[in-house]
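The values are calculated or read from the model by the stated rules, or taken from the named source; none is laboratory data. Keep in mind the model is a prediction, meaning the values are calculated, not measured. A quick note on method: Cβ atoms are made from the backbone with ideal geometry, for glycine too, and the neighbour counts reach across all protein chains shown. What goes into the accessible areas is simple: the full protein's heavy atoms, side chains included, and nothing from ligands, DNA or RNA. Shrake-Rupley method; radii C 1.70, N 1.55, O 1.52, S 1.80 Å.
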Amino acid sequence: MNTRSTPISHCAITPYGRGAGSARVRVFEWLDLVDTDFVVSSYLARRDARPAQLARRPAAVARAELRLRAIAAARPGRLLLHREASPLSRGGLERLLISRAEFAVYDFDDALQWDHGNGSPLRRLAPKAPKALAAVQCADRVVAGCPVLADWAGEHHRDVRMIPSCVDPAGYLRKNSYALHDPPRLGWLGSPGNERYLLLIADALAEVHRRTGARLTLIGTTRRSLGALEGIVDRVDWSEARQGAALAELDVGLMPLPDTAYSRGKCGYKLLQYGAAGLPAVADPIGVNAEILARFGLPAPRGAGEWAEALLGLLGCSAATRERLGDRAHQVTCRQYSYQRWLPEWTASLELGRAVA
């Protein structure tokens with residue numbers, strides 16, 4: 001599509017393709033539900049936009065940069081900007097896109113405001129924090145994924161709406177047997193960049209394995225990175241279709257997190273996936289996790305020392321108790337965290353019912 005010569009009524013911009021959890025949950029699955037055509041620009045259309053990905057695809061990067069500027073020149077009516085427009089920008093491109101749109105909504109689901117680019121030289125040159133601040137200040141409306149993010153955005157913008165990262169329970173196979181596998185199966189679902197959080201509870205996982213024989217199933221990562229834990233790890237490739245069935249084959253889900261400012265801005269999505277499958281889980285009560293765990297009635301260990309106790313408690317209780325906990329998590333997820341529950345608020349946040357000038 002030649003965006004320079006073709007008017008754009010509705011446009012969504014995300015740094016990732018549908019294979020990335022953030023883009024899928026905050027953009028693509030919403031667009032699947034609305035009867036409105038959006039032009040979608042997802043930079044390289046891949047699961048991440050790490051410097052290594054950019055370096056291997058210079059021609060695609062150049063096309064992506066030109067495409068974003070063409071979208072700005074086309075002056076879209078509705079613009080949904082998720083996280084950032086370009087990993088190379090320092091905020092100027094985000095300001096340009098938002099200023100050229102008739103009505104622009106900025107959506108974010110991580111504590112990007114505190115991401116100042118630790119790591120690679122590219123991330124230090126183009127950190128996410130100034131982009132997030134620029135987008136929040138310039139947008140007509142801001143949509144934040146959890147209260148921590150909404151509170152920060154509210155310091156910089158008068159119109160902030162909190163819409164959680166939602167799940168579609170119909171897309172998950174509901175767990176129907178709560179008798180433990182032999183050996184028991186602990187499980188984790190996530191991206192390679194977050195797998196390191198499991199090392200926070202390495203001692204607890206080793207102790208649970210020693211006492212019960214439990215093994216750890218990782219869904220979504222194939223590279224061995226957990227050191228001594230690898231002896232009890234089984235890995236499963238991720239796909240959007242596969243994740244909906246894989247969780248039902250587990251006994252207990254895991255969501256460890258470090259107690260950092262960045263983690264406190266996370267949106268609890270992994271817990272909601274476990275809830276959609278009716279899977280009992282254990283998580284650190286960091287940020288919105290504390291609220292979700294309380295609603296689910298699930299263990300919220302504080303510190304690594306309580307993790308083994310929490311896991312052994314779930315593995316040692318009756319199948320009926322695990323089923324009751326899984327059913328409660330499922331019901332709460334359907335009632336309070338589903339796309340259908342929040343669809344009216346999401347469409348209203350983009351003012352999709354109003355004509356574009």
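Residues checked against (1) at pLDDT below 95; (2) among the hydrophobic types (A, V, I, L, M, F, W, C); (3) open to solvent by 40 Å² or more (accessible area, probe 1.4 Å); (4) in a strand (DSSP E or B):
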{"site": "ARG211", "(1), (2), (3), (4)": "no, no, yes, no"}
{"site": "THR217", "(1), (2), (3), (4)": "no, no, no, yes"}
{"site": "CYS267", "(1), (2), (3), (4)": "no, yes, no, no"}
{"site": "TYR274", "(1), (2), (3), (4)": "no, no, no, no"}
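Just checking, does the range 102-118 include any residue being in contact with a Phe, Trp or Tyr (Cβ under 9 Å, 6 or more places away or on another chain) and farther than 19 Å from VAL25 by Cβ? Scanning the range 102-118 turns up at least one residue that is in contact with a Phe, Trp or Tyr (Cβ under 9 Å, 6 or more places away or on another chain) and farther than 19 Å from VAL25 by Cβ.
Residues in the range 131-149 that are crowded, with 19+ Cβ neighbours inside 10 Å and either in a helix (DSSP H, G or I) or touching a Cys at 6+ places or on another chain (Cβ under 6 Å) (or both): 10 in all. Can you pull out every residue in the range 331-357 that is within 30 Å of LEU80 (Cβ to Cβ), open to solvent by 20 Å² or more (accessible area, probe 1.4 Å) and in a helix (DSSP H, G or I)? Once the filter is applied, which keeps residues that are within 30 Å of LEU80 (Cβ to Cβ), open to solvent by 20 Å² or more (accessible area, probe 1.4 Å) and in a helix (DSSP H, G or I), the range 331-357 yields CYS334, ARG335, GLN336, GLN340, ARG341, TRP342, LEU343, PRO344, GLU345, THR347, ALA348. Annotation note: of PRO258, PRO280, the sole residue that is surrounded by 16 or more Cβ atoms within 10 Å (Cβ to Cβ) and within 24 Å of GLU195 (Cβ to Cβ) is PRO280.
Annotation: of all residues in the range 89-130 being touching a Ser or Thr at 6+ places or on another chain (Cβ under 7 Å) and not charged (D, E, K, R), the one that is surrounded by the fewest Cβ atoms within 10 Å (Cβ to Cβ) is ALA126.
Residues that are closer than 26 Å to VAL27 by Cβ and within 21 Å of the chain's Cα centre (by Cα) do not occur anywhere in the range 297-319.
Among the residues that make up the range 146-157, is at least one of them of a type outside the set (D, E, K, R) and over 19 Å from ALA261 (Cβ atoms)? Let's see the steps before the verdict.
At the first step, the residues of the range 146-157 found to be of a type outside the set (D, E, K, R) are 146-150, 152-154, 156-157.
Remaining after also requiring over 19 Å from ALA261 (Cβ atoms): 157.
Yes, there is a match, as at least one residue in the range 146-157 is of a type outside the set (D, E, K, R) and over 19 Å from ALA261 (Cβ atoms).
Within the range 218-226, is there a residue that is of a type in the set (A, V, I, L, M, F, W, C) and more than 17 Å from TYR274 (Cβ to Cβ)? Show your work before the answer.
Initially, the range 218-226 is screened for residues of a type in the set (A, V, I, L, M, F, W, C), giving 218-219, 226.
Filter again for more than 17 Å from TYR274 (Cβ to Cβ), leaving 226.
Yes, the range 218-226 contains a residue that is of a type in the set (A, V, I, L, M, F, W, C) and more than 17 Å from TYR274 (Cβ to Cβ).
Residue pairs whose Cβ atoms lie under 6 Å apart, sitting 6 or more positions apart in sequence or on different chains, and linking a residue in the range 200-213 that is of a type in the set (Asp, Glu) to a partner that is in a helix (DSSP H, G or I), are GLU207/ALA308.
If you go through the range 26-44 one residue at a time, do you hit one that is of a type in the set (Asp, Glu) and within 23 Å of HIS116 (Cβ to Cβ)? Before the answer, list the steps.
Pass one, the range 26-44, residues of a type in the set (Asp, Glu): 29, 32, 35, 37.
If we keep only those that are within 23 Å of HIS116 (Cβ to Cβ) as well, we get none.
There is no residue in the range 26-44 that is of a type in the set (Asp, Glu) and within 23 Å of HIS116 (Cβ to Cβ).
Residues being among the hydroxyl-bearing types (Ser, Thr, Tyr) and within 21 Å of ALA329 (Cβ to Cβ) are entirely absent from the range 232-244. With respect to (1) open to solvent by 20 Å² or more (accessible area, probe 1.4 Å); (2) modelled with pLDDT of 95 or more; (3) of a type in the set (A, V, I, L, M, F, W, C), the lone exception for LEU250 is condition (1). A count restricted to the range 152-169 and to residues that are within 16 Å of GLY268 (Cβ to Cβ) and without any contact (Cβ under 8 Å) to a residue 40 or more places away in the chain stands at 1.
The set of residues in the range 156-198 being at pLDDT 95 or above, over 28 Å from VAL105 (Cβ atoms), open to solvent by 40 Å² or more (accessible area, probe 1.4 Å) and not in a loop (DSSP other than H, G, I, E, B) consists of ARG185 alone. Counting the residues of the range 69-79 that are in contact with a helix residue (DSSP H, G or I) (Cβ under 7 Å, 6 or more places away or on another chain) and either open to solvent by 10 Å² or more (accessible area, probe 1.4 Å) or closer than 15 Å to GLY17 by Cα (or both) gives 1. Would you kindly identify the helices (runs of 4 or more DSSP H) lying entirely within the range 1-95 that contain at least 2 residues that are out of contact with any Phe, Trp or Tyr (no Cβ under 9 Å at 6 or more places or on another chain) and free of Cβ contacts under 8 Å to residues at least 40 places away in the same chain? So the answer is 51-56, 58-74. If the condition is being under 20 Å from LEU272 (Cβ atoms) and outside any helix (DSSP H, G or I), then the range 296-320 contributes GLY297, LEU298, PRO299, ALA300, PRO301.
Can you find, within the range 21-63, the residue that is farthest from GLY145 (Cα to Cα) among those that are of a type in the set (Val, Ile, Thr) and surrounded by 15 or more Cβ atoms within 10 Å (Cβ to Cβ)? Outline the logic, then answer.
From the range 21-63, those of a type in the set (Val, Ile, Thr) are 25, 27, 34, 36, 39-40, 61; that's our starting set.
In the following step, the residues that additionally are surrounded by 15 or more Cβ atoms within 10 Å (Cβ to Cβ) were identified as 25, 27, 39-40, 61.
Numbers: VAL25: 11, VAL27: 12, VAL39: 23, VAL40: 20, VAL61: 28 Å.
Only one residue tops the list, namely VAL61.
Please count how many residues of the range 219-247 are at pLDDT 90 or above, closer than 24 Å to ASP182 by Cβ and part of a helix (DSSP H, G or I). Number satisfying all stated conditions: 7.
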